[in-house]
Amino acid sequence: MTVRTPITDGWTLRLDTARYTPEQAPPALYSDAVPAQVPGCVHTDLLAAGLIPDPHLGLNEQAVAWIGHADWTYATALPARDHTFERADLVFDGLDTVAEVTLAGRLLGTTRNMHRGYRFDATELLGAGADLTVRLTSAYTEAEAVRAGLGERPNSYPEPSNYIRKMASSFGWDWGPTLVTAGIWRQARIEQWSTARLARVRPRTTTDITGGTGTVELHLDIERTVTGAGRELTATATVDGHTATVTVAPGEDTAVLVLRVPDPALWWPRGYGDQPLYDLHLTLAADDAPLDTWHRRIGFRTVELDTSADEHGTGFTLVVNGVRIFTRGVNWIPDDTLITRVTPERYRERLQQAADANVDLVRVWGGGIYESEAFYDVCDELGLLVWQDFLFACAAYPEEQPLRGEVEAEARENVARLMPHPSLVLWNGNNENLWGFAEWGWEQELAGDSWGEGYYLGLLPRVVAQTDPTRPYWAGSPWSGSWDHTPNHPDHGTVHSWEVWNRRDYTDYLATVPRFVAEFGWQAPPAHATLLRALPGEVLAADSPGMLHHQKAEDGNGKLDRGLAHHFEAPADFDEWHYLTQVVQARAIATGVEHWRSHWPVCAGTILWQLNDCWPVTSWAAIDGDGRLKPLHHELRRLYADRLLTFQQRDGRLVVAAINQSATPWTGTVTVQRHSTDGTTLAAAELAFTAAPRTVTLLDVPAAVADAADTAKELWTADADTLRAWHFATTDAQFAYPDAEFDAVVTPHGPGATITVTARTLLRDLLLQADRLHPDARTDRGLTTLLPGESTVFQVDNWTGADPGADLTTALRCVNSPRTKRHR
């Protein structure tokens, strides 16, 4: 039986000064090695040794930039092999990135791709105490050499990330620092085996939902030793008590084994059903003696991508188990710039936060990585659909060698690795590169040079079709489906909506009804406590040195300020700026999602940019770099709920949209009211409605309720069941808000407390910033608007009200707080 032994002990890390001697390196590194952790990276090892400052704090990113330009060597001593096995392989699941692997003084091989694994035959070299070294050349050195050979290609960022198969965002992005890593970033191990082993297993799982049968077609690739070449083998698979066996004739190195499972329970996206998972076990044997085993969890479901033409253009709708889905998605970036620090527990926490916000799809963005098994395992369990990008983003990628061969090997390996997961429903060729070629001037700049089209429209769809034909492939995002239309055409395929954030007011989301919005977003800073930790000792201001360093977007603060100016007067101080930018972020996303959801099924999905952050930064994320929830996260929970009530405009008239994405009819009465600012009801109507499952019902607001005498002093509510929609017909700067007055009562309970707020006046977008009470405090609610006499309750964890330093008046703020509106 194959024995796998992780190589985790005795590793050291040494700075290699043969090519480059960085002046900024600590003197200790010139002569001494430091302990190293595998899996890990140079940055985390130097941090653990106390030799560099935390690059996520203050301006420290600049102080550690030298690390990415240096060469490094990892070393350890290996135990002797067990001679009862015929073969001993040295296996690396991930090397970052350009490596020479040497064992006992002999070169085993070289690598140049972070996104694939490597296996070396070490049988003759694995003696007691054999020295293993992994010499890592700077990614800059490799990328610049490839660029020199192949010529310049356009890139949205001034780094050579498109010339090397490495996580592009480690070279920096408009939300992330430039921390160019090196290391043994996934497991290293010794595998000892005899006769034969399972080299690759590809389970193609299909389901006949009409006939009630699930089929698992296992495609096996087998590697044999010299003595095993002439032996007959058997492969036996079991799932849910059903077993199948195939005989592999001597000399054969492939086989197909088919299992059929009658009436399997279907795997569904969250909100549509349960997520049953089945254990699939496979054993390779010779003469009834097991040689190797393989195990994964699988699910039975069908997935289609409907891109058929209709009177609105070309659709883009995911269909799971025959049910058409309005996708409620978020974009995922690496959860830490130093990705080896992302543990299975952290994946689970972050993805549970997505599920808590009623998200049903996570897009793994193309400038990051193919995530670890732990990520996809959690998605399987939570019912989070996964849209997986191939790793190309915002740049023209050469198609010549040495890159082309690496791209194909990487794609084949990762498609095979991830295909057992039922959560994975779509392969996407790239992020924004087709768009860049067509509309960013790349075509003229390239002048005929290769740029990636052959990958996205040729190689990658072929790899998916050959390896995993059970899933759809889409050439890119955005992509209209063909060159007949511009890639970012709202009537065809997928759209990235960035003109609104970059140049317009968020109300411009209302101008179009795209078929599928794969990216859109609005920035806001992280939580106050996150800023205090990340910028120690700094007097916080929107333009303070640390705040500007932790704002990576081009003119990011200018866009934040212009977004505020459409609705508010200039903030008086940092606290007001911080609060109002959070408000505008949540409102911007609400404006887009409510509008697009109300146009289902023409629009079939939204994927927010973005769920998470990789460090403390002002960004588009709903969860900041310390894992704290922004108000946007709480708003997303409302926006992505199965049932949503919203005011919309249709052909110049005010309507209420009752959006029902649940599986049951929604029947009830909407109470629509027009109020004065003091809470007086000026007009009201009762509107009976029924919204069938997965539909939207529009209800006209009667003119007597819709028509206001003075929009600066009147507002609208719509209530049905426990849901409420609000409508203000003018900007905050023009609205005649009363000075906010309310009562707040703190009631401790165990390790937390409740804060009950009762409004004595209208309270617009009341927010409890729990981290201002205590850095560890959390609350269950975001922005909340109340009419006079109404109350809301904030549940607070990790704060009991007993902290004498906590200031509730600072933690509670609304748009019409006297200190917020005093200068208007």
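Looking at the range 167-243, what strands (runs of 3 or more DSSP E) fall wholly within it and have at least 3 residues that are open to solvent by less than 30 Å² (accessible area, probe 1.4 Å)?
Numbers: elements: 171-173, 176-178, 188-193, 196-208, 213-224, 233-239.
Strands (runs of 3 or more DSSP E) meeting the threshold: 171-173, 188-193, 196-208, 213-224, 233-239.
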Exercise for review: Look at the range 1-19 and say how many of its residues are open to solvent by less than 70 Å² (accessible area, probe 1.4 Å) and over 36 Å from the mean Cα position of the chain (by Cα).
Suggested key: 1
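Return a yes/no flag: does the range 578-586 have any residue that is open to solvent by 30 Å² or more (accessible area, probe 1.4 Å) and either assigned to a loop (DSSP other than H, G, I, E, B) or of a type outside the set (S, T, N, Q) (or both).
Restricting attention to the range 578-586, the residues satisfying the condition of being open to solvent by 30 Å² or more (accessible area, probe 1.4 Å) are none.
So far as the range 578-586 goes, no, none of its residues is open to solvent by 30 Å² or more (accessible area, probe 1.4 Å) and either assigned to a loop (DSSP other than H, G, I, E, B) or of a type outside the set (S, T, N, Q) (or both).
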Review point. So is Arg297 within 25 Å of the chain's Cα centre (by Cα), basic (Lys, Arg) and open to solvent by 60 Å² or more (accessible area, probe 1.4 Å) or not?
Key: yes
Exercise for review: Could you give me the residue pairs with C-beta distances under 6 Å whose first residue belongs to the range 76-93 and is closer than 13 Å to Arg189 by Cα and open to solvent by less than 30 Å² (accessible area, probe 1.4 Å), whose second residue is of a type in the set (Ser, Thr, Tyr) and part of a strand (DSSP E or B) wherever it lies, and which are 6+ apart or on separate chains?
Suggested key: Phe92/Tyr118
Point to revise | Filtered residues of the range 23-34 (kept if touching a Leu at 6+ places or on another chain (Cβ under 8 Å) and either open to solvent by less than 60 Å² (accessible area, probe 1.4 Å) or under 23 Å from Ser170 (Cβ atoms) (or both)) | key: Ala25, Pro26, Ala28, Leu29, Ala33, Val34
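If the requirement is being in contact with a Lys or Arg (Cβ under 7 Å, 6 or more places away or on another chain), of a type in the set (S, T, N, Q) and either surrounded by 22 or more Cβ atoms within 10 Å (Cβ to Cβ) or within 30 Å of Lys630 (Cα to Cα) (or both), which of these qualifies: Thr317, Thr343?
Unique residue meeting the criteria: Thr317.
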Practice item. Report, by residue number, each residue of the range 763-782 that is of a type in the set (A, V, I, L, M, F, W, C) and over 27 Å from Pro738 (Cα atoms). Key: Ala777
Review point. Among the residues of the range 602-609, is there at least one that is closer than 23 Å to Asp174 by Cα and in a loop (DSSP other than H, G, I, E, B)?
Key: yes
Point to revise | Counted residues, the range 539-557 - those being open to solvent by 20 Å² or more (accessible area, probe 1.4 Å) and in a helix (DSSP H, G or I) | key: 4
Point to revise | Residue that is farthest from Trp596 (Cα to Cα), among those in the range 480-510 that are touching a Ser or Thr at 6+ places or on another chain (Cβ under 6 Å) and part of a strand (DSSP E or B) | key: His492
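Are any of the residues in the range 815-823 at pLDDT 95 or above and outside any loop (DSSP other than H, G, I, E, B)? Before the answer, list the steps.
Narrowing the range 815-823 to residues at pLDDT 95 or above: 815-816.
After this cut, where a residue has to be outside any loop (DSSP other than H, G, I, E, B) as well, the list is none.
No, the range 815-823 contains no residue that is at pLDDT 95 or above and outside any loop (DSSP other than H, G, I, E, B).
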Point to revise | Pair list, Cβ under 9 Å, 6 or more apart: the range 442-469 residue closer than 18 Å to Leu150 by Cβ, other residue at pLDDT 95 or above and β-branched (Val, Ile, Thr) | key: Tyr455/Val407; Leu459/Val407
Exercise for review: Only residues that are among the acidic types (Asp, Glu), surrounded by fewer than 17 Cβ atoms within 10 Å (Cβ to Cβ) and within 20 Å of Phe728 (Cα to Cα): list them for the range 758-804, please.
Suggested key: Glu790
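Any residue that is within 26 Å of Gly476 (Cβ to Cβ) and open to solvent by 40 Å² or more (accessible area, probe 1.4 Å) - is there at least one of those in the range 324-336?
Applying the first criterion (within 26 Å of Gly476 (Cβ to Cβ)) to the range 324-336 yields 324-335.
If we keep only those that are open to solvent by 40 Å² or more (accessible area, probe 1.4 Å) too, we end up with 324.
Yes, the range 324-336 has at least one match.
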Exercise for review: Would you check which residues across the range 694-737 are over 20 Å from Ala657 (Cβ atoms) and β-branched (Val, Ile, Thr) and list them?
Suggested key: Thr711, Thr730, Thr731
**Study point:** Pick from the range 1-20, criterion touching a helix residue (DSSP H, G or I) at 6+ places or on another chain (Cβ under 8 Å) and without any contact (Cβ under 8 Å) to a residue 60 or more places away in the chain, ranking: farthest from Thr84 (Cα to Cα)
**Key:** Thr17
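For the range 83-99, which positions are closer than 15 Å to Ile7 by Cβ and either out of contact with any Lys or Arg (no Cβ under 7 Å at 6 or more places or on another chain) or part of a strand (DSSP E or B) (or both)? Walk me through how you get there before you give the answer.
First, the residues of the range 83-99 that are closer than 15 Å to Ile7 by Cβ: 88-95, 99.
The answer is Ala88, Asp89, Leu90, Val91, Phe92, Leu95, Ala99.
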Study note, to complete from the structure: For the range 103-132 the number of residues that are touching a residue at least 24 places away in the same chain (Cβ under 8 Å), out of contact with any helix residue (DSSP H, G or I) (no Cβ under 8 Å at 6 or more places or on another chain) and buried (at least 18 other Cβ atoms within 10 Å of the Cβ) is 7
**Study point:** Total residues in the range 511-537, condition under 22 Å from the mean Cα position of the chain (by Cα) and not in a loop (DSSP other than H, G, I, E, B)
**Key:** 6
Check your understanding: Between a first residue in the range 504-517 that is in contact (Cβ under 8 Å) with a residue 24 or more places away in the chain and of a type in the set (S, T, N, Q) and a second residue that is outside any helix (DSSP H, G or I) and open to solvent by 60 Å² or more (accessible area, probe 1.4 Å), which pairs have beta carbons less than 9 Å apart while being 6 or more apart in sequence or on different chains?
Key -> Thr507/His566
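The values are calculated or read from the model by the stated rules, or taken from the named source; none is laboratory data. Every value quoted in this text rests on a predicted model; they were computed, and no experiment measured them. Note: ideal-geometry Cβ built from the backbone for every residue, glycine included; neighbour counts use all protein chains shown. Remember, those area values only see protein heavy atoms, side chains included, never the ligands or the DNA or RNA. Shrake-Rupley method; radii C 1.70, N 1.55, O 1.52, S 1.80 Å.
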